[in-house]
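The structure under discussion appears below in the form of structure tokens.
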Amino acid sequence: MLQETGRKYLRSGVLPHMWCSGCGIGIMMGALLRSFEELEYKNKDIVVVTGIGCTGKLDDYVTTNALHGTHGRALAFATGIKAFKPDLKVVVLMGDGDCVTIGGNHFIHAARRNIDLTAIVVNNFNFGMTGGQASGTTSGGKITSTTLYGNPENDIDISALACVAGANYVARITPYHGWELKQYIKEGLMKKGFSLIEMISPCPTNYGKYNKMENPLQMLRWLKEKGVSSEDYARLGESEKDEYFVIGKLCDRDIPDFNTRYEEIRVRALSS
Ligand code: SF4
């Protein structure tokens, strides 16, 4: 199965990939390609859209259609593709810096518009590629290369933001939970409307180094311990909650997506 996945969706001659040892992005790529295979997607029907950053390099490795955009704008490019070619399966791959720091406004409006895209956000709490600067998801007090004595800002909850903005499907998981990661990606791909899979991910090279988790195994253990179900999270004391995060499916509904509404309006306008 794995061999077959590699042959079908991976470009030959490009491995080894550029991601650091212990990074979660490769695990996400494996889960994504296995999802394509299990859903029997044809390469010509898929468009992988990326922005800038470590996650944004993923389009280099796949044989599907791909568009490598500018920083923070992957969702804007993907929206244009989906609006013009609704039959394509459009997947948008971003890091937290790309998605909700540089491109936060595009993210809110893609979810609000409920455009039929699947966004996968690798959230490692910093701008990994450029040296570990604080991003919009760096928690208050955490150390990064630009907050050496602690981050004075609060972080954005990416999944909660997508839910309230109007996304049809939202799930959060980690690379430690590989089977669930693939299942959520598959459900997101099959869902009509905007779907978000947030993968809380290790960046041992930068975020880990500054926060006493330079060893990739330490980061993976940290994700295993801190990712809890919503029931377990509710049982935590208020002072503990900052250190944990909820994993699982957070939102699943069927509000009509952008293309469906657009088509209804187009038909109405033509018949009036
Ligand atoms: S810098 Fe961080 S996010 Fe980038 S490849 Fe290395 S571990 Fe992954």
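Sort out which residues of region 157-171 are part of a loop (DSSP other than H, G, I, E, B) and either touching a residue at least 60 places away in the same chain (Cβ under 8 Å) or crowded, with 19+ Cβ neighbours inside 10 Å (or both), and write them in order of number.
166, 167, 168
Quick one: would you say residue 174 is modelled with pLDDT of 95 or more and open to solvent by 30 Å² or more (accessible area, probe 1.4 Å)? Full working, then the answer.
On the way: modelled with pLDDT of 95 or more: yes; open to solvent by 30 Å² or more (accessible area, probe 1.4 Å): no.
Considered against the rule, which asks whether it is modelled with pLDDT of 95 or more and open to solvent by 30 Å² or more (accessible area, probe 1.4 Å), residue 174 comes out as no.
From the list 44, 142, 57, exactly one residue is within 16 Å of the ligand (Cβ to nearest atom), surrounded by fewer than 22 Cβ atoms within 10 Å (Cβ to Cβ) and assigned to a helix (DSSP H, G or I). Which is it?
57
With the requirement that a residue be surrounded by fewer than 22 Cβ atoms within 10 Å (Cβ to Cβ) and of a type outside the set (Phe, Trp, Tyr), what does region 80-92 give you? Please lay out each step first, then the result.
Restricting attention to region 80-92, the residues satisfying the condition of being surrounded by fewer than 22 Cβ atoms within 10 Å (Cβ to Cβ) are 80-81, 83-89.
Within region 80-92, 80, 81, 83, 85, 86, 87, 88, 89 qualify.
Please go through region 180-236 and give me each residue that is open to solvent by less than 20 Å² (accessible area, probe 1.4 Å), away from the ligand (no atom under 16 Å from the Cβ) and more than 30 Å from residue 45 (Cβ to Cβ), ordered by number.
227
Consider region 223-270. How many of its residues are in contact (Cβ under 8 Å) with a residue 60 or more places away in the chain and assigned to a helix (DSSP H, G or I)?
Residues flagged as in contact (Cβ under 8 Å) with a residue 60 or more places away in the chain and assigned to a helix (DSSP H, G or I) within region 223-270 amount to 5.
Please go through region 93-136 and give me each residue that is open to solvent by 10 Å² or more (accessible area, probe 1.4 Å), farther than 21 Å from residue 68 by Cα, away from the ligand (no atom under 13 Å from the Cβ) and not in a helix (DSSP H, G or I), ordered by number.
134, 136 - these are the residues of region 93-136 that are open to solvent by 10 Å² or more (accessible area, probe 1.4 Å), farther than 21 Å from residue 68 by Cα, away from the ligand (no atom under 13 Å from the Cβ) and not in a helix (DSSP H, G or I).
Examine region 6-27 for a residue that is part of a helix (DSSP H, G or I), more than 16 Å from the ligand (Cβ to nearest atom) and open to solvent by less than 50 Å² (accessible area, probe 1.4 Å), and state whether such a residue exists.
Going residue by residue through region 6-27, those that are part of a helix (DSSP H, G or I) are 6-9, 25-27.
Adding the requirement that they be more than 16 Å from the ligand (Cβ to nearest atom) leaves 6-9.
So of that shortlist, the ones also open to solvent by less than 50 Å² (accessible area, probe 1.4 Å) come out as 6, 9.
Yes, region 6-27 has at least one match.
Within the set of pairs 6+ apart or on separate chains, which have a first residue in region 85-103 that is farther than 20 Å from residue 258 by Cβ, a second that is more than 16 Å from the ligand (Cβ to nearest atom) and aromatic (Phe, Trp, Tyr), and C-beta atoms under 9 Å apart?
The qualifying pairs are 100/107.
The values are calculated or read from the model by the stated rules, or taken from the named source; none is laboratory data. Quick caveat, the model's predicted, so the values are computed rather than measured. A quick note on method: Cβ atoms are made from the backbone with ideal geometry, for glycine too, and the neighbour counts reach across all protein chains shown. Only protein heavy atoms, including side chains, enter the accessible area calculation; ligands, DNA and RNA are left aside. Shrake-Rupley method; radii C 1.70, N 1.55, O 1.52, S 1.80 Å.
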